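Each remark here refers to the structure printed beneath this line.
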Amino acid sequence: QQQVKQSPQSLIVQKGGIPIINCAYENTAFDYFPWYQQFPGKGPALLIAIRPDVSEKKEGRFTISFNKSAKQFSLHIMDSQPGDSATYFCAASRNSGYALNFGKGTSLLVTP
Amino acid sequence: NAGVTQTPKFRILKIGQSMTLQCTQDMNHNYMYWYRQDPGMGLKLIYYSVGAGITDKGEVPNGYNVSRSTTEDFPLRLELAAPSQTSVYFCASSYGQGGQPQHFGDGTRLSIL
């Protein structure tokens, strides 16, 4: 059973566009929500993470929006560049737990 | 800094063979994890360890075994390889549990024919 549902499966935007990737979860015990970026042939790397006490977090061109009541969170990439082309995974976990529960991933292509 | 190092990068096995996927980290992290990644399915936790000598099952442990004799190393063993174990395997480590960043290696791509 997928504990974190991610959409869309794939996304194509032009350079400068703002791709948005959405995730939803059911387990209200989750209190840590990271996003990972993965390039072909490499392992996932932490991009940005948020905890439920804030509704938005921004790091450079990457922003997480978090809606606790809707149990949803999303990643926005401002001024997207071809170098942002990668697979993005959302995840969720409990501070007291061990497992990262990953979404199925979104393959992003940013065209020149 | 090397971070998390996995070997080998690629391997082809025949059904029924066994092998060990190696993972070592140089960050002195107590927590280590093994995930498998199948196309379009995200990453699923196989086993994890909270310190030397302590391991526990994740979501998909069947067909795998682990050991943790040192802080640095966390090998994953496949005893009787099956086609369903064809996947990309990632090892990760973290300083703490739950809400701490996990650092991933670059994976082992395993095909079982």
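Computed from the coordinates by the stated procedures, all read-outs in this text should not be read as laboratory data. The model shown is predicted, which means the values in this text are computed figures rather than measured ones. With ideal geometry, Cβ positions are generated from the backbone for all residues, glycine too; neighbour counts draw on all protein chains shown.
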- Item | As computed over region A:5-112, the Cα convex hull volume per residue (Å³) | 93
- Item | region B:35-86-region B:1-24 distance, computed between alpha-carbon centres (Å) | 11
- Message: Among the listed pairs A:LYS57/A:LYS104; A:LYS42/A:LYS68; A:LYS58/B:LYS57, which have their C-alpha atoms separated by more than 24 angstrom in this model?
- Response: A:LYS42/A:LYS68; A:LYS58/B:LYS57
- Note on the structure: Per residue of A:86-97, other chain Cβ atoms within 10 Å number on average 2
- Message: Tell me which chymotrypsin sites (Phe, Trp or Tyr not before Pro) from region B:55-113 have a DSSP coil assignment and no more than 15 other beta carbons within 10 Å of their own.
- Response: B:TYR95
- Task: Round to the nearest 0.05 the FRET efficiency obtained for A:VAL54 and A:ASN95 when R0 = 25 Å and r is the Cβ-Cβ distance.
- Result: 0.95
- Note on the structure: A chain fully extended from A:GLU26 to A:MET78 at 0.36 nm per residue, minus the present Cα-Cα distance, gains in nm 15.9 nm
- Query: Residue separation times 0.36 nm, minus the C-alpha to C-alpha distance between B:SER67 and B:ASP26: what's the value?
  - Reply: 13.0 nm
- Query: Counting only other chains, what is the mean number of Cβ atoms within 10 angstrom of the Cβ of each residue in peptide A:38-46?
  - Reply: 6
- Task: Go ahead and set up a Gaussian network model of chain A, Cα springs under 10 Å, then flag whichever of A:ALA24, A:ALA70, A:ALA86 fluctuates most.
- Result: A:ALA70
- Per residue Cα convex hull volume in Å³ - calculated over chain B: 93
